[in-house]
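Inspection log for the structure reproduced underneath, given as structure tokens.
The values are calculated or read from the model by the stated rules, or taken from the named source; none is laboratory data. The shown structure was predicted, so the numbers you read here are calculated from the model rather than taken from an experiment. Positions of Cβ are backbone-derived with ideal geometry, glycine not excepted, and every protein chain shown enters the neighbour counts.
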Amino acid sequence: GENVEQHPSTLSVQEGDSAVIKCTYSDSASNYFPWYKQELGKRPQLIIDIRSNVGEKKDQRIAVTLNKTAKHFSLHITETQPEDSAVYFCAAINTGTASKLTFGTGTRLQVTL
Amino acid sequence: GAVVSQHPSRVICKSGTSVKIECRSLDFQATTMFWYRQFPKQSLMLMATSNEGSKATYEQGVEKDKFLINHASLTLSTLTVTSAHPEDSSFYICSARGMVGLNSYNEQFFGPGTRLTVL
């Protein structure tokens, strides 16, 4: 089955700096990669996703890149703000089998003033 | 957007009792629902996948007789934790996937979670 690894487990940046979170996956058939933000005690919320037919996607301060050859994808947050502080999870799925998302272990991002 | 509700949001019960958690898709038909458990500072752990009208598929290590899942309609799935014990205390989150729009079939929409505390 799919295995998703996520690094780092914790990340502390100063407000205004950029943050990068990296994930690798094992199943080359995976073709959909969402990123979720989860605040303490709340539900995971989809913040951006990318499909395997594109290499990069951007939404304001958030971007995701995908390298299918290396089987890794990354989340980039620019101009970080205190409200970006949360736990971020990457995930991967093969939508052809429409089975289940495999989540990474999460990254706790702390944006300090 | 698609909305998933979960009830109750928080429950405290005595050891040995059973607890039922409901997950509803409010504005779309959820052909598949997923139940996750999340311990503090850990990732979401998939417990089971249920398709409407059929038996749930449980992940390895999850006791199907202890965690009863019913997905009788396209908008409702329930998780019953039977004979709950303190080690079952956790954050339980459901998610749903189905036909929302032409391009959103693959997205999973999460419920707000249920905090279960077993005394």
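Here are a few things to note about the model shown:
- Counting only residues that are surrounded by 18 or more Cβ atoms within 10 Å (Cβ to Cβ) and more than 23 Å from B:PRO40 (Cα to Cα), segment A:15-30 holds 4 of them.
- Any hit, segment A:95-103, residues being within 21 Å of B:SER43 (Cα to Cα), at pLDDT below 95 and among the charged types (D, E, K, R): yes
- Filter pass, A:PHE89 being among the aromatic types (Phe, Trp, Tyr), within 13 Å of chain B (Cβ to nearest Cβ) and in a strand (DSSP E or B): yes
- Complete set of residues in segment A:39-89 that are of a type outside the set (Phe, Trp, Tyr), touching a residue at least 60 places away in the same chain (Cβ under 8 Å) and in contact with a Leu (Cβ under 7 Å, 6 or more places away or on another chain): A:PRO82, A:ASP84
- Residues satisfying the stated conditions in segment B:47-73, i.e. of a type in the set (Ser, Thr, Tyr) and either more than 10 Å from chain A (Cβ to nearest Cβ) or under 19 Å from B:HIS7 (Cβ atoms) (or both): B:SER50, B:SER54, B:TYR58, B:SER73
- Pairs linking a residue in segment B:26-46 that is within 8 Å of chain A (Cβ to nearest Cβ) and closer than 14 Å to A:THR102 by Cα to a residue that is of a type in the set (Val, Ile, Thr) and in a loop (DSSP other than H, G, I, E, B), with Cβ atoms under 6 Å and 6 or more positions apart or on different chains, are B:SER43/A:THR105.
- Residue match in segment A:61-75 (condition: within 13 Å of chain B (Cβ to nearest Cβ), part of a strand (DSSP E or B) and not hydroxyl-bearing (Ser, Thr, Tyr)): no
- Some residue of segment B:74-86 being within 14 Å of chain A (Cβ to nearest Cβ) and within 29 Å of A:GLY104 (Cβ to Cβ): no
- Matching residues in segment A:10-37 - criterion: being among the small types (Gly, Ala, Ser) and either outside any loop (DSSP other than H, G, I, E, B) or touching a strand residue (DSSP E or B) at 6+ places or on another chain (Cβ under 6 Å) (or both): A:SER12, A:ALA19, A:SER30
- Considering A:TYR36, A:TYR25, the condition of being among the hydroxyl-bearing types (Ser, Thr, Tyr) and within 13 Å of chain B (Cβ to nearest Cβ) is satisfied by A:TYR36 alone.
- Odd one out for B:TYR92, checked against (1) out of contact with any Leu (no Cβ under 8 Å at 6 or more places or on another chain); (2) modelled with pLDDT of 90 or more; (3) more than 10 Å from chain A (Cβ to nearest Cβ); (4) within 25 Å of A:ASN94 (Cα to Cα): (1)
- Top-ranked residue in segment A:39-49 [being more than 11 Å from A:CYS90 (Cα to Cα) and more than 9 Å from chain B (Cβ to nearest Cβ); ranked as modelled with the lowest pLDDT]: A:LEU40
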